[in-house]
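Visitor: Have a look at the structure that comes next, please.
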Amino acid sequence: MRWSDYLNAEEYELPEGGDYFGIKADELAKSTGNARAANMVSIGAVANLIDFDLGQIDAFITQRFTRGRAGDDEIIAGNIKAVRLGAEVATDAGF
């Protein structure tokens, strides 16, 4: 089993009185065409929750993944798409 197999929210009881939402980051990442971008989906959701400027995340992704290699643009676009999708899911959940 992978560590993420232990994080099934359906198996954990959450304390009362809080606001919670879950996202299926792996599935959402796959929908962007970049199955490895689950972390970026999560970053987008958290950024939305704390009202963090997504433009700053976009700039970081662009800087981090611009390495002068073929495919850099696709990697950058896929990661930015995943961040935006995570933020959208958080917004749609009412956060």
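The values are calculated or read from the model by the stated rules, or taken from the named source; none is laboratory data. All of these numbers come straight from a predicted model, not from anything done at the bench. Cβ: placed from backbone, ideal geometry, glycine included. Neighbour counts: every protein chain shown.
Visitor: List pairs: first residue in region 16-39 and part of a helix (DSSP H, G or I), second residue hydroxyl-bearing (S, T, Y) and at pLDDT 90 or above anywhere in the structure, Cβ distance under 8 angstrom, at least six positions apart or on different chains.
Guide: The qualifying pairs are A25/S42.
Visitor: Select from region 23-35 the residues that are touching a helix residue (DSSP H, G or I) at 6+ places or on another chain (Cβ under 7 Å) and either modelled with pLDDT of 90 or more or under 18 Å from A77 (Cβ atoms) (or both) and list them in ascending order. Give the steps one after another, and end with the answer.
Guide: Filtering region 23-35 for residues touching a helix residue (DSSP H, G or I) at 6+ places or on another chain (Cβ under 7 Å) gives 23, 25-26, 28-29, 32-35.
Of everything in region 23-35, those that are touching a helix residue (DSSP H, G or I) at 6+ places or on another chain (Cβ under 7 Å) and either modelled with pLDDT of 90 or more or under 18 Å from A77 (Cβ atoms) (or both) turn out to be A25, D26, L28, A29, T32, G33, N34, A35.
Visitor: Sticking with this one: Under the condition of being among the hydroxyl-bearing types (S, T, Y) and surrounded by 14 or more Cβ atoms within 10 Å (Cβ to Cβ), which residue from region 36-76 is modelled with the highest pLDDT? Working first, answer last.
Guide: Here is the first cut: in region 36-76, the ones among the hydroxyl-bearing types (S, T, Y) are 42, 62, 66.
The next check asks that each one be surrounded by 14 or more Cβ atoms within 10 Å (Cβ to Cβ); those that pass are 42, 62.
Working: S42: 95, T62: 98.
For region 36-76, the residue satisfying everything is T62.
Visitor: Then there's this: Could you please let me know if G55 is on the phi < 0 side of the Ramachandran plot and out of contact with any helix residue (DSSP H, G or I) (no Cβ under 9 Å at 6 or more places or on another chain)?
Guide: On the way: on the phi < 0 side of the Ramachandran plot: yes; out of contact with any helix residue (DSSP H, G or I) (no Cβ under 9 Å at 6 or more places or on another chain): yes.
Yes, satisfied.
Yes/no per residue for (1) over 16 Å from the mean Cα position of the chain (by Cα); (2) free of Cβ contacts under 8 Å to residues at least 12 places away in the same chain; (3) over 19 Å from A25 (Cβ atoms):
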{"residue": "Q56", "(1), (2), (3)": "no, yes, yes"}
{"residue": "Q63", "(1), (2), (3)": "yes, yes, yes"}
{"residue": "D73", "(1), (2), (3)": "yes, yes, yes"}
{"residue": "V83", "(1), (2), (3)": "no, no, no"}
